[in-house]
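Step one of this worksheet: look at the structure below.
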């Protein structure tokens with residue numbers, strides 16, 4: 001009887017350890033996956049959501065954290081534009097989501113409310 005119980009325990013431990021190993025391997029693959037670069041086309045598609053846009057909508061895109069005291073993410077788009085998302089907490093809606101002209105950081109629009117086509121045609 002002891003052999004059966006011992007064998008069962010060993011089998012249980014082997015199965016448990018194998019399952020944990022696979023989960024850890026899967027999780028490490030998720031963190032190693034490269035993120036996509038944000039394109040102007042992506043920005044235009046995302047802008048359709050308007051005020052429903054959130055931090056999560058940009059999670060799959062490569063960004064740089066440039067905030068100090070606030071959460072601010074910088075997304076390179078191309079040589080003409082970049083996107084800034086800023087706010088007090090990633091658990092709340094962003095305070096702004098700005099498409100910015102790379103040659104003039106004072107020239108920007110909020111993609112949730114302003115006309116992107118008009119902005120890029122200027």
* In the set 107, 78, 91, which member is modelled with pLDDT under 95 and in contact with a helix residue (DSSP H, G or I) (Cβ under 9 Å, 6 or more places away or on another chain)? -> 91
* Asked: Does at least one position in segment 40-47 carry a residue that is part of a loop (DSSP other than H, G, I, E, B) and on the phi < 0 side of the Ramachandran plot?
  -> no
* Asked: How many of the residues in segment 98-115 are touching a residue at least 40 places away in the same chain (Cβ under 8 Å) and surrounded by fewer than 19 Cβ atoms within 10 Å (Cβ to Cβ)?
  -> 2
* Structure fact -> By residue number, the members of segment 73-97 that are surrounded by fewer than 19 Cβ atoms within 10 Å (Cβ to Cβ), free of Cβ contacts under 8 Å to residues at least 24 places away in the same chain and assigned to a strand (DSSP E or B) are 74, 86, 96
* Asked: Within segment 107-122, can you find the residues that are more than 25 Å from the chain's Cα centre (by Cα) and not in a helix (DSSP H, G or I)?
  -> 122
* Restricting segment 41-72 to residues that are surrounded by 15 or more Cβ atoms within 10 Å (Cβ to Cβ) and closer than 14 Å to residue 110 by Cα, which is nearest to the chain's Cα centre (by Cα)? -> 54
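The values are calculated or read from the model by the stated rules, or taken from the named source; none is laboratory data. Since the model is a prediction, treat every value here as computed from it, not as a measurement. Don't worry about glycine lacking a Cβ; one is built from the backbone with ideal geometry, like all the others, and counts go over all protein chains shown.
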